Structures are given as C-alpha cells and as structure tokens.
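Notes for the one structure printed next.
The values are calculated or read from the model by the stated rules, or taken from the named source; none is laboratory data. Predicted model, so just to flag it, every value in this text is computed and none were measured. Please note: Cβ atoms are built from the backbone with ideal geometry, for glycine as well, and neighbour counts cover all protein chains shown.
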Amino acid sequence: MEGKIIKILQTLERASSPCPLGYIALHTNIVEPLKIMEALEREGYCRRCPTGDWSPSMSPMFEITTKARQELREVETSVLHVPLSVVAQTLARD
C-alpha cells in the first residue's frame, strides 16, 4: 500500500469513529484528502457516513471498513516483521 493510504487508514483506525476531512488532513498532513478518500471508498477501504450524522464542519465523514482493517494489519505485520538474524547481522556490522 502507498504511504498516504496507510497514513489515512491508520488515522481512521485510531479514531475508531467517523472522521471529517479536516481531522484526516490534520492527522495525515495531506492537504486535500477528499479525492483519496473517494478512491478508497470505491475500493471498499472506507465508507462515507450518512449525511444525517452531524459534523461541526459539515464536511463528509468517513470510517474504516473491516476489509481495510484486515489489510492494514497484514501490511503492518509484514513491515514490522524483521528476522532476528537480520537484526543481529546489522548490529554486528556496527
């Protein structure tokens, strides 16, 4: 997954409730996240909350989907999994 997408999904997961675009922009440093959010929505990684949900900014609110949570965990697990032998070799070189 691309870095911006991972940042957005991590932000949505940490929030654990629907987030307006301003919150997403603030916590990801992405100035205009709407186009990315719409693309993620088309792919099933997030969903737009119904317009009946209240937002102080009146901007669309998004939340993470189960599909995205699963894939995010897989990415984080594969990225964070570093064999002990690699760590030992790196430390031995220093």
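Is at least one residue of the stretch 79-92 at pLDDT 90 or above and loosely packed, with under 10 Cβ neighbours inside 10 Å?
In the first step, residues of the stretch 79-92 are kept if they are at pLDDT 90 or above; the result is none.
So far as the stretch 79-92 goes, no, none of its residues is at pLDDT 90 or above and loosely packed, with under 10 Cβ neighbours inside 10 Å.
Out of all the residues in the stretch 14-52, which are exposed (fewer than 13 other Cβ atoms within 10 Å of the Cβ) and part of a loop (DSSP other than H, G, I, E, B)?
If the condition is that a residue be exposed (fewer than 13 other Cβ atoms within 10 Å of the Cβ) and part of a loop (DSSP other than H, G, I, E, B), then SER16, SER17, ASN29, VAL31, GLU32, GLY44, PRO50, THR51, GLY52 are the ones that fit.
Considering only residues that are under 12 Å from GLU63 (Cβ atoms) and hydrophobic (A, V, I, L, M, F, W, C), which ones fall in the stretch 1-42?
Passing the criteria: ILE8, LEU9, LEU12, ALA15, CYS19, ILE24, MET37, LEU40.
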